[in-house]
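Structure first, commentary second.
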């Protein structure tokens, strides 16, 4: 996506992935500065360090306010680290590098920290607006999780207005100006958002209420990291409730907090499931909500430190969250490095052929759920819908499949994986027959000595036939 911008192509119009503009800009800036994806890797690493660092900073800020003893400060610091690392271990496992949720989580966590620690000032409003704009600019569902975090912090409308709705209004205005200047506003509003609100929100069989009430899904996902992590997820808010409980109050005084607590849980679940398919990386979306409950629990424990039962609960939570860190990651870094090296060699070969033959762009038939070749070529692919197979572009919405068929008809060269293309529907069969009739492995004179392209082969256009498609 970033390469397409550097090559003068327009996001969403010339090349499409249904992600907010932030990921396009980050990718382009990274390629411009480092000529690869280093900036995204650095930002992803910072994202994973943010919550632990801010949690420690929160404890030391609380120490001064509550005049905590040395032992209390050390225990709360250890608890803050254990809770934060428990979450980011989960986030790292399912977020993975260059997923938009990782970048959005960084700024959404900063939003939560400023919301909880700063007094009501213009500076806080500006910072909250900036963090909201950037986090939503990377992933729209963070709007929902940040709202849930704001309600958790204080469910009074006046407070929510000052910490969420006013900053959100500023964020929308500022973001619209930036997108307008970069020429991305109209394509985002007219192409991407209708796709997000269309297929991504309504294009799955699971109805809305199922996505909202599927609270068991995050707990099941936590259990994939550690069997104790779901227990931590339940015990953490329980400690907060116990620490804030005032026995002398009438039970009816807790009706509103209980209703809002249920609402917050459902909002957090919905922020994950709004896309409809509960993909692994979506589980990083509640990051600001998790950060807020950690900050509030630490603060409440500090305020109630003189109560023996609270100290006991804090120690129990520390042991439980620390034990949950004994886990096994399935992330195979060595395998990824090897795949990347192979793709870089293949990409260099593709670029060489395109340069020799004076061809600007190529059509790329990619392997599903695999690292992509077009992330390493200097030439941009002709594909419009980047992450769907060529016969499934209609999943993005009306008109996308016709655009994809037109792009294949216009392409002069196709980069095909060694295993070829497997059709998944009748359109796929037509595309397969068209490729066989219009393309060949026989290279033109400019590509007679083809360099090594491991894992792929090239198909060259042999005639000017056009494939027609009607929706």
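Here are the numbers:
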{"read-out": "Residue check for residue 459: surrounded by 16 or more Cβ atoms within 10 Å (Cβ to Cβ), at pLDDT below 90 and either at positive phi or not in a loop (DSSP other than H, G, I, E, B) (or both)", "value": "no"}
{"read-out": "Residues of segment 351-363 that turn out to be in a loop (DSSP other than H, G, I, E, B) and touching a helix residue (DSSP H, G or I) at 6+ places or on another chain (Cβ under 6 Å), as a count", "value": "1"}
{"read-out": "Residue 117 surrounded by fewer than 19 Cβ atoms within 10 Å (Cβ to Cβ), under 30 Å from residue 310 (Cα atoms) and touching a residue at least 40 places away in the same chain (Cβ under 8 Å)", "value": "yes"}
{"read-out": "Looking only at segment 369-381, and only at residues there that are assigned to a loop (DSSP other than H, G, I, E, B) and surrounded by fewer than 23 Cβ atoms within 10 Å (Cβ to Cβ), the one that is modelled with the lowest pLDDT", "value": "369"}
{"read-out": "Among (1) in a helix (DSSP H, G or I); (2) modelled with pLDDT under 90; (3) surrounded by 17 or more Cβ atoms within 10 Å (Cβ to Cβ), the one test that residue 366 misses", "value": "(1)"}
{"read-out": "Subset of segment 416-433 that is touching a residue at least 24 places away in the same chain (Cβ under 8 Å) and not in a loop (DSSP other than H, G, I, E, B) - its residue that is farthest from residue 399 (Cα to Cα)", "value": "417"}
{"read-out": "Only listed residue being without any contact (Cβ under 8 Å) to a residue 12 or more places away in the chain and either out of contact with any helix residue (DSSP H, G or I) (no Cβ under 6 Å at 6 or more places or on another chain) or not assigned by TED's automatic domain parsing to the domain that holds residue 362 (or both), chosen from 436, 386", "value": "436"}
{"read-out": "Exclusive hit being touching a residue at least 24 places away in the same chain (Cβ under 8 Å) and in a helix (DSSP H, G or I), set 74, 123, 83, 127", "value": "83"}
{"read-out": "Which numbered condition residue 379 fails, given (1) farther than 20 Å from residue 4 by Cβ; (2) touching a residue at least 60 places away in the same chain (Cβ under 8 Å); (3) touching a strand residue (DSSP E or B) at 6+ places or on another chain (Cβ under 7 Å)", "value": "(1)"}
{"read-out": "Any hit, segment 397-407, residues being free of Cβ contacts under 8 Å to residues at least 40 places away in the same chain, crowded, with 19+ Cβ neighbours inside 10 Å, more than 25 Å from the chain's Cα centre (by Cα) and under 27 Å from residue 34 (Cα atoms)", "value": "no"}
{"read-out": "Residue count for segment 57-77, restricted to those that are surrounded by fewer than 22 Cβ atoms within 10 Å (Cβ to Cβ), in contact with a helix residue (DSSP H, G or I) (Cβ under 6 Å, 6 or more places away or on another chain) and closer than 23 Å to residue 231 by Cα", "value": "1"}
{"read-out": "Pairs where the first residue, in segment 19-33, is assigned by TED's automatic domain parsing to the domain that holds residue 141 and under 18 Å from residue 180 (Cα atoms) and the second is at pLDDT 90 or above and outside any helix (DSSP H, G or I), C-beta under 7 Å, 6+ apart", "value": "20/139; 20/140; 21/11; 21/184; 24/11"}
{"read-out": "Residue selected from segment 242-276 under the condition touching a helix residue (DSSP H, G or I) at 6+ places or on another chain (Cβ under 7 Å) and modelled with pLDDT under 75, by the criterion surrounded by the fewest Cβ atoms within 10 Å (Cβ to Cβ)", "value": "276"}
{"read-out": "Leading residue by the ranking (farthest from the chain's Cα centre (by Cα)) among those in segment 83-108 that are closer than 17 Å to residue 296 by Cβ and modelled with pLDDT of 95 or more", "value": "83"}
{"read-out": "Flag for residue 230 being in a helix (DSSP H, G or I), out of contact with any strand residue (DSSP E or B) (no Cβ under 8 Å at 6 or more places or on another chain), over 24 Å from residue 114 (Cα atoms) and modelled with pLDDT of 80 or more", "value": "yes"}
{"read-out": "The one condition in (1) loosely packed, with under 14 Cβ neighbours inside 10 Å; (2) more than 24 Å from residue 94 (Cβ to Cβ); (3) in the same structural domain as residue 111 (by TED's automatic domain parsing) that residue 279 fails to fulfil", "value": "(2)"}
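The values are calculated or read from the model by the stated rules, or taken from the named source; none is laboratory data. Here the structure is a predicted model, which means the values were calculated and not measured. All Cβ positions, glycine included, derive from the backbone under ideal geometry; neighbour counts span all protein chains shown.
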